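Inspection log for the structure reproduced underneath, given as structure tokens.
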Amino acid sequence: YITLDGSHKVEILDPRTYRKISSVTITSPRWLASANGKIFVSSYDDNVYVLDGSTDEILKKIPVGRDPEHMAVSGNKLYVANSGGLDYSTIGYDNTVSVIDLTTLTESKKITVAINPSQVLADQYGDIYVTTGGNYKDIKTNIYVINTATEAVRALDLRVNGMVLSKDVAYIYQAEYNSDTYDYEISYSTLNVKDEIPGPNFISDGSEASIELPYGIGLDPVSGDIYLADAKDFQASGTVYRFDKNGKKKDAFTVGTNPSAFYFINK
């Protein structure tokens, strides 16, 4: 399943041949999640669409917050980041995470975090990690943790623009734009999610100096290799850097413009 925001479609490919087999029309589809044989698609029309995983029929659309983005499943709930990013200049950013009951397929509540939430990750201990983008000026990026049992929320006061999670370790990069200085603040770090202790740079050989602007991160679940996407100036061809699990650069290769996400298929 591939979301095409500008084309208002979700394209569906055969996983063996990668050939298109069908498509579904959805307004500005953003991110995908799956649970219980269903596919969930966040849309900038302020809904999460539910597709039947067998027929690809739209079963339902669930109203959530404004301009929903990333989603994650924990237990029998789907957590949806409501960014408000599309109309922030007129209305302001959203600052909530919608909780969808996967049995009733309805929003059960909204949990308040900080403005401009974007990414949602679930760990193995029943916590949800939400990255918030701030306003690119005086409100900085941050990571919020939601306890799924109590729905208590706490801020970690860590800068973040992208993160991936593998067992007890989160790999984090910051590439925070400042509209006053017209520049980016860039850093790399880790976080032990079991005890929530921040750790060092996950790149251990100094090769981060060659990365101009990190714009996406991925983690191969089998090898443990870490992939960083470099968008450079958003016009030139991008570069993907691959590091081993010890943070040493293995290689780099050129890709298209604005690389931002990774997906791994292990056959």
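Across 87, 123, 14, mean-square fluctuation computed from a Gaussian network of the chain (C-alpha pairs under 10 Å connected) peaks at 14. For the range 180-219 versus the range 242-262, the spacing of their alpha-carbon centroids is 13 Å.
Placing pseudo-labels 7 Å out from each Cα toward the beta carbon at residue 34 and residue 16 gives an inter-label distance of 1.6 nm. The portion of the accessible surface of the range 1-91 made up by carbon and sulfur, rounded to a whole percent, is 51 (1.4 Å probe; DNA, RNA and ligands excluded).
Cross-link partners for residue 38 among the aspartates and glutamates, with Cα-Cα distance under 17 Å and sequence neighbours closer than 8 places in the same chain left out: 11, 14, 52, 56, 57, 101, 107. Take the Cα of residue 135, step 7 Å along the line toward its Cβ, and report every residue of the range 168-182 whose backbone nitrogen sits under 13 Å from that point. What the label zone holds, given the 13 Å backbone N cut-off, is 179-180. Close amide H pairs (under 5 Å, H built 1.01 Å from N) link residue 66 with 84, residues at least 5 positions away or on another chain.
Amide H to amide H distances under 5 Å link residue 225 with 220, where only residues 5 or more positions off or on other chains count and H is placed in the peptide plane.
Take residue 220: with every protein chain present and a 1.4 Å probe, its accessible area is about 30 Å². In plain terms, the chain from residue 106 to residue 153 could stretch by 14.8 nm, reckoned as 0.36 nm per residue minus the Cα-Cα distance. Coupling constants for the range 171-182 follow from the phi torsions by the Karplus curve (6.51 cos²θ - 1.76 cosθ + 1.60, θ = phi - 60°), and in residue order they are 9, 10, 10, 10, 9, 8, 7, 10, 6, 7, 9, 6 Hz; glycine and proline get x.
In terms of solvent-accessible area of protein heavy atoms at a 1.4 angstrom probe, what is the ranking of 210, 74, highest value first?
210, 74
Within the straight-line cut-off of under 19 Å between alpha carbons, the lysines reachable from residue 232 are 249, sequence neighbours fewer than 8 places apart in one chain being disregarded. The string of couplings for the range 17-27 from the Karplus curve (6.51, -1.76, 1.60, θ = phi - 60°) is 10, 6, 8, 5, 10, 5, 8, 10, 8, 9, 5 Hz, one whole number per residue in order, with x for Gly and Pro.
The values are calculated or read from the model by the stated rules, or taken from the named source; none is laboratory data. Source: prediction; values computed, not measured. Please note: Cβ atoms are built from the backbone with ideal geometry, for glycine as well, and neighbour counts cover all protein chains shown. Heads up: the accessible areas ignore ligands, DNA and RNA and are worked out on the full protein's heavy atoms, side chains in. Shrake-Rupley method; radii C 1.70, N 1.55, O 1.52, S 1.80 Å.
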